[in-house]
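Step one of this worksheet: look at the structure below.
What follows is calculated from the coordinates using simple rules that are stated; it is not laboratory data. Keep in mind that this is a model prediction, so the values were computed, not measured. Every residue, glycine as well, gets a Cβ built from its backbone with ideal geometry; the counts of neighbours run over all protein chains shown.
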Amino acid sequence: MKEAAAGAAESRPGVLMPTGPRAEFVRTSRLPDGTQVARTTLKGAKSGFTGDVWVWAPKEYYDKRYERSAFPVLISLPGGRGYPTNYWGTGPGLGLQQAVTDGAKAGRSLPFVLVMPVINADTKHHFDGSDIPGQPRMGTWMAEDVPDFVRANFRTFSSRDGWAFMGSSSGGFGALKHVLKHPDRFKAVIASGVDIVPDSPLWKGNTRAMDENNPEKLAEKLIAAGGPDVWINFQIGTAESGRDKAEKFMRDYTRGPVHTRLQVIQDGEHNGKSYVRGMREGSLEWISKVLLPPTPDPGAR
């Protein structure tokens, strides 16, 4: 994956140019418009964990008119074990990249940079995408190492207004949790078929640490603090369970700085294709109104 004029253009207010060092990417797939999904291996300086990350930048990112503009980042997390692959990156057939492409062309979606890391450290354990005592620090990997990697390689916004998560199932839990835990860094989330509370057996009675990664507890804390504001979009298909949990969370915590929305996917099942359909039907447009857009340089052609 090639950075367009990395470091060659003077940055604008609120825009962070790539800091480097530049990662080594291997192309894994190509979309019809010529954009590419690429993979790299990230050695997390803060977490100590090493894992793969897939990335995709929209066509607009390489347009000369935007070479001094930041682009919003959507960190996209898979369900299941989420290791050693992330199905949003290894399976473009799910249509996430194409949904962003089509939405941007129609003016209903921002042209997001998609960042798709692994969420767990192996296939044998369930880490909740969290820093569980005595286990790999997957929460630090997700909330610190991955954003640092993005800033090193892409033009990003300096504020949280250009940073969001999306995820499905266990990845939806991680996405929801990270936004509520770090509202100073991330502004919004699309959480699909989501688990609401930590459920990894690895917590082993570490109640305090588990509470620090519980979306319900985090929402209570954020409301008590009075902000910053976060925007949460739940997605639930009518052919799956879990709608009652999402609606209960919305009833209990939609106040003050916590803003929520529910995207109901007719005949939607507990899978990526259904969730991408929900994004096409409303969630991408919703989150695009919450985050900052890239702005073209008026002097560029």
Quiz item: Can you list the trypsin sites (Lys or Arg not before Pro) in the stretch 33-84 that are in a DSSP coil and have 16 or fewer other beta carbons within 10 angstrom?
Solution: 46
Quiz item: Counting Lys +1, Arg +1, Asp -1, Glu -1, what net charge surrounds residue 284 among other residues with beta carbon under 13 Å of its beta carbon?
Solution: +3
Practice problem: Send over the per residue convex hull volume for the stretch 139-243, Cα only, as a whole number of Å³. | Solution: 112 Å³
Practice problem: Determine the sum of side-chain charges near residue 90: Lys and Arg each +1, Asp and Glu each -1, restricted to other residues whose C-beta is under 14 angstrom from that of residue 90. | Solution: +3
Quiz item: To the nearest Å, what is the center-to-center distance of the stretch 220-267 and the stretch 166-188, using C-alpha atoms only?
Solution: 12 Å
Quiz item: Using Cα pairs under 8 angstrom and six or more residues apart, how large is the relative contact order of the stretch 161-256, in percent?
Solution: 29 percent
Self-check item: DSSP bridge pairs, the chain: antiparallel proportion in percent, nearest 5
Solution: 40 percent
Quiz item: What is the order of 196, 265, 119, fewest Cβ neighbours within 10 Å to most?
Solution: 196, 265, 119
Quiz item: Relative to the first principal axis of the alpha-carbon coordinates of the chain, what is the inclination of helix 170-181, with its axis defined by its Cα atoms, in degrees from 0 to 90 and to the nearest 10?
Solution: 80 degrees
Quiz item: Ratio of Rg to Rh for the chain, alpha carbon only, Kirkwood?
Solution: 0.94
Practice problem: State whether the stretch 129-172 is rounded, prolate or oblate according to the following rule on the C-alpha gyration tensor (a ≥ b ≥ c being the square roots of its eigenvalues): a/c under 1.5 gives rounded; otherwise a/b larger than b/c gives prolate, and the remaining case gives oblate. | Solution: oblate
Exercise. Mind pulling the angle between the C-alpha long axis of helix 243-253 and the longest principal axis of the chain? Nearest 10 degrees, somewhere in 0 to 90.
Key: 90 degrees
Quiz item: Where Lys and Arg each count +1 and Asp and Glu each count -1, what net charge lies around residue 221 among other residues with Cβ under 15 Å from its Cβ?
Solution: -2
Quiz item: Does the stretch 7-64 come out rounded, prolate or oblate, given a ≥ b ≥ c as the square roots of the eigenvalues of its C-alpha gyration tensor, rounded meaning a/c under 1.5 and, failing that, prolate meaning a/b above b/c?
Solution: oblate
Self-check item: Relative contact order computed over the stretch 15-290 (Cα-Cα under 8 Å; 6+ residues apart), in percent
Solution: 18 percent
Self-check item: Packing-based exposure ordering (other Cβ within 10 Å, fewest first) of 192, 47, 159, 283
Solution: 159, 47, 283, 192
